[in-house]
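Chemist: Sharing a structure with you now.
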Amino acid sequence: MRLSMVLIAGAIAAMSVAGSAQAGDKLLVGFSQIGSESGWRAAETKISKIEADKRGIDLRISDAQQKEENQIKAVRSFIAQGVDAILIAPVVATGWETVLKEAKDAKIPVMLLDRGIDVKDDSLYLTVVRSDAVYEGQAAGDWLAKATNGKCNVVELQGTVGASVAIDRKKGFDKVVGEHPQMKIVRTQSGDFTRAKGKEVMESFIKAEGGNKNICAMYAHNDDMAIGGIQAIKEAGLKPGKDILVVSIDGVPDIFKAMGEGEANATVELTPNMAGPAFDALIAFKTKGVVPPKWIKTVTKLYEPDSARAEYERRKDLY
Ligand code: AHR
């Protein structure tokens, strides 16, 4: 019954996918969001609501507060509610088989947002909307290699341990380091994708290295940790962006502000609009049976300070 209503409503939506709310029954979608660890994450949540509204989708968001066990509970609750689809931004890559099998048995399609998972059977999810995070790490590394003529001691602030994006951003950056004999990662630790932990970890790096004598650059797996790290560099009496170069990933307004002020040097953009492409794929799947590609890849772009002020203005109300 719900499906036939969805088919009618979806057909209307398909005629004006980006248009106003559709008539009839709404698609009901549950979204297990990781939490609110970063500015990027807050933007993704906000944009998901906007994109759902545009398509007349009833979106229920559950905040997992960084815990996989809460995500698993949320998915089970969405299954019990009989939702039409489930979105998951998986905090870590492993441990998903059982609950995804439950969703599959209930015939509820699962779509992953912004992070990947390790499962043997990829029929457990319909598609994943995410960037190529190995390439992001590589883009950050290539920029740094070019800026330093391949001679640089780097401290690295890693993302959440076990998160696919942390694993991949490290892998991509390490590849570049491996290609430059005089580039080295001298310290690396997780800052869990938060400003507070980024600052804490960077403080400990500076202390351990006795200032910036042995540190040429800070590579952070996200902008929020970079912003925390910038604060630590300043509090140590050093100039971020000059005494220690700063390169990170996300493209949030605050990093553009820092770049405009000469305190950061480059960021690799990750779009926070993961839900829009997921909803489009879901509507096409439900209404026309179109099976989406297994990986809907978002575009990656590196920004430098020349466009920082304009990019800050363009983004500040969006995030
Ligand atoms: O999975 C995407 C990453 O998660 C973002 O780069 C980071 O800011 C967030 O916490």
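Chemist: Under 6 Å between Cβ atoms, which residue pairs at least 6 apart in sequence (or on different chains) link something in region 253-273 that is over 18 Å from Met218 (Cβ atoms) with a partner that is part of a loop (DSSP other than H, G, I, E, B) and modelled with pLDDT under 95?
Modeler: Between residues of region 253-273 that are over 18 Å from Met218 (Cβ atoms) and residues that are part of a loop (DSSP other than H, G, I, E, B) and modelled with pLDDT under 95, the close pairs are Pro253/Lys316; Pro253/Tyr319.
Chemist: A further question on this structure: Of everything in region 238-259, what is of a type outside the set (Asp, Glu) and open to solvent by 20 Å² or more (accessible area, probe 1.4 Å)? Give them in sequence order.
Modeler: Leu238, Lys239, Lys242, Leu245, Lys257
Chemist: Could you give every pair whose Cβ atoms fall below 8 Å, whose first residue belongs to region 133-152 and is touching a residue at least 24 places away in the same chain (Cβ under 8 Å), and whose second residue is outside any helix (DSSP H, G or I) and aromatic (Phe, Trp, Tyr), counting only separations of at least 6 or pairs across chains?
Modeler: Ala140/Tyr219; Gly141/Tyr219; Leu144/Tyr219
Chemist: Residue under question is Ile296, and the condition is that it be touching a residue at least 24 places away in the same chain (Cβ under 8 Å) and in the same structural domain as Leu124 (by TED's automatic domain parsing); does it hold?
Modeler: no
Chemist: Only one of Phe205, Phe193 is modelled with pLDDT of 95 or more and part of a helix (DSSP H, G or I). Can you tell me which?
Modeler: Among Phe205, Phe193, only Phe205 is modelled with pLDDT of 95 or more and part of a helix (DSSP H, G or I).
Chemist: Which of the following residues is within 15 Å of the ligand (Cβ to nearest atom), at pLDDT 95 or above and within 17 Å of Ile88 (Cβ to Cβ): Gly172, Gly137, Gly162?
Modeler: Gly162
Chemist: Please work out if Ala196 is within 15 Å of the ligand (Cβ to nearest atom), open to solvent by 20 Å² or more (accessible area, probe 1.4 Å) and not polar (S, T, N, Q).
Modeler: Taking the combined requirement at face value, the residue satisfies it.
Chemist: Could you grab me the full set of residues in region 211-227 that are open to solvent by 40 Å² or more (accessible area, probe 1.4 Å) and free of Cβ contacts under 8 Å to residues at least 60 places away in the same chain?
Modeler: Correct list: Asn212, Lys213.
The values are calculated or read from the model by the stated rules, or taken from the named source; none is laboratory data. All values derive from a computational prediction rather than experimental measurement. FYI the Cβ positions are ideal-geometry reconstructions off the backbone, even for glycines, and counts take in every protein chain you see. Ligands, DNA and RNA are stripped out before the accessible areas are found, and what is left, the full protein with its side chains, is counted by its heavy atoms. Shrake-Rupley method; radii C 1.70, N 1.55, O 1.52, S 1.80 Å.
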